[in-house]
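Okay, structure first, notes after.
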Amino acid sequence: MCEWFPAAESTVVVDRSAARHARRFLDDHWCVEHASLLRPHAELLVSELVTEAVTHGTAPVVLRIECEGDDGVTIAVSDRDPNGPHFRTVGPDDAHTTNLVEVLSDEWGVRTRPGGKTVWSRLVV
Ligand SMILES: [Zn+2]
């Protein structure tokens, strides 16, 4: 729990400005008490998660940011497509690929439900 910044949710506008709007939302709701050091990774993660959902998912796309105090910050992006996600892969060659979310997150995962999914990532100080 965080006593300064409550969890915040926003429906992301599905167009080419989506990642920019998502980063602005991060500006307004980022917990500077607990999570200042995590901010650079968080910006990259939000861009990657939102871009994936906007490109491959089904609207509405909802971004959620939740500070959990000393347990870190969880960033989650939900959309109405139960399939995926389809992240861009990075790596030295085809046999050793990963994706940016895997690289940047301390923990991450996908929760699927009827009619949609949530991709979440946790960053820990
Ligand atoms: Zn906090």
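Mind ordering 84-92, 48-56 by average Cβ neighbours within 10 Å, highest first? Let's see the in-between values first.
Details: 84-92: 13.1, 48-56: 21.6.
Taking the mean over residues of other Cβ atoms within 10 Å, the ranking is 48-56, 84-92.
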**Asked** Can you give the Rg and Dmax of region 1-106 based on its C-alpha atoms, in angstrom?
**Response** 14.1, 45
**Prompt:** Quick one: net charge of Phe87's neighbours, Cβ under 10 Å, K/R +1, D/E -1?
**Reply:** -2
**Message:** Sort 68-80, 102-114, 25-37 by the packing proxy (mean of other Cβ within 10 Å over each peptide's residues), most packed first.
**Reply:** 68-80, 25-37, 102-114
**Request:** Would you kindly give the portion of the calculated P(r) for region 46-125 that falls above 15 Å, as a percent of all Cα pairs?
**Result:** 56 percent
**Asked** Which distance in Å, rounded to a whole number, links the C-alpha centroids of region 1-60 and region 90-121?
**Response** 16 Å
**Message:** Are there any trypsin sites (Lys or Arg not before Pro) in region 16-78 that are in a DSSP loop and have at most 16 other Cβ atoms within 10 Å? List them by number.
**Reply:** Arg16
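Throughout, read-outs are computed from the coordinates displayed, never taken from laboratory work. Computed from a predicted structure; not experimentally measured. Ideal geometry is used to build each Cβ from the backbone, glycine not excepted, and the neighbour counts take in all protein chains shown.
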